[in-house]
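Down below is the structure, laid out as structure tokens.
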Amino acid sequence: LNMTDYFQLEGLTYKIIPIKNTKPVDPGSYGRVNTDILYENLVNKFKWGNIDNPEVYLDETTLRQTRNFRNLFYRLAMKLVTEGNKEKAIKTLDHCIKVMPQSTCPYDVFAIRLAEAYFTAGATDKGTNLLKIMTDQAVEKYKYYSRFKGKQLKSVQSELDENAQILMYTQQIAQIHQQEALAKELRAKAE
């Protein structure tokens, strides 16, 4: 219906508003971000259903959905940075890590955006820590899946590819944010 220019992100769905968004949005994303409402919803109002509780079983569908949730936190944090509110952006990212920790929602290739947002917000130590965790996890998974042979290898090719992407992206994020020592360390782990 050609309404995407009128989308506003305030939570888990878009709201259609009578204001056209004229600013560019990340590819694959739609709408403007209302930081006041989205922050209130994601950080203060929404209940995350014990996603952080290791005693709660998270099925494949729920885990896949965390990609979308983490992306909401990323978009909010990046918009807050552009508005000059880096402190609130870091709080946003910290809350995301708290409610969807790696221990219950393993990081995937999409979680790299959280590290990118930390660097952009000036929380270099938190971005560095996240990249190291993701690299270690990807190296471990890559080594595991590399042991498969023949038809079994074909069945895990997507896991190999995703972990190779993570290893490449973590190094790129470090380099983009001029963390040369970190990029070198991550490269060494990936070899």
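Here the Karplus relation 6.51 cos²θ - 1.76 cosθ + 1.60, evaluated at θ = phi - 60°, turns the backbone of the stretch 61-66 into coupling constants of 5, 5, 5, 5, 5, 4 Hz, with x for every Gly and Pro. Across the chain, the longest run free of exposed loop sites, meaning chymotrypsin sites (Phe, Trp or Tyr not before Pro) lying outside DSSP classes H, G, I, E and B with no more than 16 other Cβ atoms within 10 Å, spans 58-147. Here the Karplus curve 6.51 cos²θ - 1.76 cosθ + 1.60, taken at θ = phi - 60°, turns the phi angles of the stretch 7-17 into couplings of 7, 10, 8, 10, x, 7, 9, 8, 10, 8, 10 Hz, with x standing for Gly and Pro. Remark: the chain carries a charge dipole of roughly 240 debye about the Cα centre, counting +1 on each Lys and Arg Cβ and -1 on each Asp and Glu Cβ. In this structure the chain gives 59 Å² per residue of accessible area when probed at 1.4 Å with all protein chains present.
Backbone amide hydrogens, once placed in the peptide plane, bring Val33 within less than 5 Å of Leu9, excluding anything fewer than 5 places away on its chain. The aspartates and glutamates whose alpha-carbon is closer than 17 Å to the alpha-carbon of Lys132, local same-chain residues fewer than 8 away aside, are Asp94, Asp108, Glu116, Glu140, Glu162, Glu180, Glu185, Glu191. With the helix formula -39500 (n - 2.57) applied to DSSP H stretches of n ≥ 4, the chain reaches a computed 222 nm mean residue ellipticity of -19000 deg cm²/dmol. Beyond 24 Å in Cα-Cα separation lie the following of the pairs Lys126/Lys154; Lys47/Lys98; Lys91/Lys143: Lys126/Lys154; Lys91/Lys143. Within the accessible surface of the chain, defined with a 1.4 Å probe on protein heavy atoms only, the carbon and sulfur portion equals 50 percent. Compute the signed sum of charges (Lys and Arg +1, Asp and Glu -1) over the other residues within less than 14 Å, Cβ to Cβ, of Asp161. Once all neighbours under 14 Å are counted, the net charge is -1.
Considering only Ile17, Ala89, Leu131, the residue lying farthest towards the positive end of the dipole of the chain is Ile17, judged by Cα position with unit charges set on Cβ. For the stretch 61-191, the residue among His177, Asn163, Tyr145 whose Cα projects farthest onto the positive side of the dipole built from Cβ charges is Tyr145.
Working note: Karplus 6.51/-1.76/1.60 with θ = phi - 60° gives the stretch 153-161 the couplings 4, 4, 6, 10, 4, 5, 5, 4, 4 Hz, where Gly and Pro are set to x. A DSSP coil position with no more than 13 other Cβ atoms inside 10 Å describes the following trypsin sites (Lys or Arg not before Pro) in the stretch 32-118: Lys47.
The values are calculated or read from the model by the stated rules, or taken from the named source; none is laboratory data. Owing to the predicted nature of the structure, the values given are computational and were not obtained by experimental measurement. All Cβ positions, glycine included, derive from the backbone under ideal geometry; neighbour counts span all protein chains shown. Keep in mind that these areas ignore ligands, DNA and RNA; they rest on the heavy atoms of the full protein, side chains included. Shrake-Rupley method; radii C 1.70, N 1.55, O 1.52, S 1.80 Å.
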